[in-house]
Amino acid sequence: MSSPASPLRLGLAGLGTVGIGVVKIVQRHADLIAARAGRPVVITAVSARDPKKNRDADLSAYAWETDPVALAQRDDVDVFVEVMGGHEGAARLATEAAIASGKDVVTANKALLAHYGQELAVAAEAKGRVIRFEAAVAGGIPVIKALTEGLAGNRITRVMGVMNGSCNYILTRMQNEGLTYETVFEEARKLGYLEADPNLDVGGIDAGHKLSLLSSIAFGTKVAFDKVELEGIGNVSIEDIELADDMGYHIKLLGVAQLTGRGLEQRMTPCLVPAESPLGQLQGGTNMVVLEGDSVGQIVMRGPGAGEGPTASAVMGDVIDLARGFRISTFGQPASSLKEPIAAKSATPAAYYLRMTLLDKPGALAKIATCIGDAGISIDQMRQLNQPGEADDKATVLLVTHKAAPADIAHAMTQFGATGVLVGAPVAIRIEEV
């Protein structure tokens with residue numbers, strides 16, 4: 001490694017949107033970065049598949065490696081910056097090679113860490129190295145730094161947030177313009193807001209990766225992405241959005257993690273939140289993370305969740321910390337001390353929004369109410385709606401329950417089908433207190 005007075009030398013793997021953003025910051029703010037870090041920060045080498053591609057940045061001063069593993073092993077690289085993406089293949093191999101070569105790693109790759117974060121952290125610590133990943137969660141919002149530093153004296157009680165800007169764009173566009181999910185999904189795809197595999201976004205997978213990383217830091221557990229309850233936004237209808245709005249709620253793809261006596265609850269699902277709450281007012285591609293600690297109370301952090309500038313800004317925040325000599329364990333404490341989490345299905349009681357279509361005949365609603373009562377659930381509100389174009393022999397019914405255990409709601413939903421009055425599948429959406 002270089003001496004403290006010499007430049008910190010970066011090897012940058014990935015020259016897409018984020019990688020070029022990092023190049024621009026290093027070039028544009030060289031003097032400012034050196035003043036704040038106490039030493040210059042320079043890029044010595046880069047890696048991408050096509051050296052001839054026009055990338056709207058001057059890369060002529062940098063050595064070029066087509067193989068990111070070779071970049072990770074170069075002697076003139078102190079910190080390996082990985083912004084390629086993907087949890088297998090080149091990104092994983094190059095990150096492992098950088099750690100084996102005794103280099104620190106800065107990454108924006110939430111999928112890699114969600115799947116292999118524990119073993120990578122163990123390997124890094126064995127070499128006396130660290131992995132920093134502020135850019136992997138919520139883009140420009142410094143939530144990792146908040147958890148590992150600013151709130152380090154707190155016992156974190158809950159982590160919650162909207163962590164995928166593409167989903168929030170779709171839901172708020174449906175909300176504001178009265179458009180169907182299918183219409184806005186296609187619009188988002190054409191605008192380039194969705195991943196090549198859109199299910200990573202709309203299926204909640206991308207946001208689930210981020211939630212699992214925050215859970216690890218917040219609760220001192222090994223990353224457990226495979227234990228996150230995932231439900232995407234594909235079944236959220238414009239009808240539900242409009243009915244929720246009429247009751248003073250907005251629908252968000254909301255991540256919630258908390259450690260209870262039963263174990264670690266992690267869920268990334270559509271929820272109703274109060275329209276006037278900070279989460280309810282969140283528009284477009286913006287992200288918001290809510291952290292709750294026993295001493296500090298509730299902290300709300302809002303900002304851009306993706307894009308060249310915000311994500312590159314987060315990368316450089318980690319780089320500058322390393323240049324200053326500031327080092328902290330990957331997940332806020334030694335990887336060897338992280339506990340194996342006991343995964344717990346969500347059991348925290350909440351009010352629920354229930355919508356269903358019933359045959360419009362005497363006793364139909366009473367049968368549904370009996371199923372709900374038998375499950376130990378009480379009803380707060382009930383409405384029968386006259387939906388435009390609905391057949392005369394059918395009726396849409398909207399129920400809002402008092403707080404109920406998720407298992408009781410699930411039991412009631414299974415009983416509805418046996419009543420003989422249900423038309424189609426019922427909808428149940430949790431109402432989250434924020």
Accessible area per residue in Å² at 1.4 Å probe, computed on segment 252-351: 39
Environment charge at Glu125 (Cβ cut-off 12 Å; Lys +1, Arg +1, Asp -1, Glu -1): +1
FRET efficiency, Asp56 to Thr414 (Cβ-Cβ, R0 45 Å, nearest 0.05): 0.25
Selection from Pro142, Ala123, Ile170, by position along the positive dipole direction of segment 99-239 (Cβ): Ala123
Cα pair count fraction exceeding 42 Å, expressed as % - the chain: 22
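Counting only C-alpha contacts under 8 Å and six or more residues apart, can you give the relative contact order of the chain as a whole percent?
Once normalised by length, the contact order is 16 percent.
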Loop sites in segment 199-290: trypsin sites (Lys or Arg not before Pro), DSSP, at most 16 other Cβ within 10 Å: Arg262
12 Å beta-carbon shell around Asp294, net charge (K/R +1, D/E -1): +1
With every protein chain in place, the chain: carbon and sulfur % of accessible area (1.4 Å): 50
Check: the chain dipole with +1 on Lys, Arg Cβ and -1 on Asp, Glu Cβ, in debye: 1140
D (Stokes-Einstein, µm²/s), Kirkwood Cα radius, segment 318-413, 1.002 mPa s at 20 °C: 123
Net charge of Cβ neighbours under 12 Å - reference Ala323; Lys, Arg +1; Asp, Glu -1: +2
Cα-projected label distance for Ala425 with Gln283, points at 7 Å along beta-carbon direction, nm: 3.3
Dipole magnitude (debye, nearest 20) for segment 306-359, charges at Cβ of Lys, Arg, Asp, Glu: 260
Span-rule helices in the chain, defined as complete DSSP H runs reaching 20 Å or more along the axis (Cα) with Kyte mean at least -0.5: 110-126, 205-219, 308-324
When each of Lys103/Lys222; Lys367/Lys394; Lys227/Lys339; Lys110/Lys222; Lys227/Lys403 is checked by Cα-Cα distance, pairs over 18 Å: Lys103/Lys222; Lys227/Lys403
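The values are calculated or read from the model by the stated rules, or taken from the named source; none is laboratory data. No experiment lies behind these values; they were computed from the predicted model shown. Heads up, the Cβs are rebuilt from the backbone with ideal geometry, glycines too, and the neighbour counts pull from every protein chain shown. Heads up: the accessible areas ignore ligands, DNA and RNA and are worked out on the full protein's heavy atoms, side chains in. Shrake-Rupley method; radii C 1.70, N 1.55, O 1.52, S 1.80 Å.
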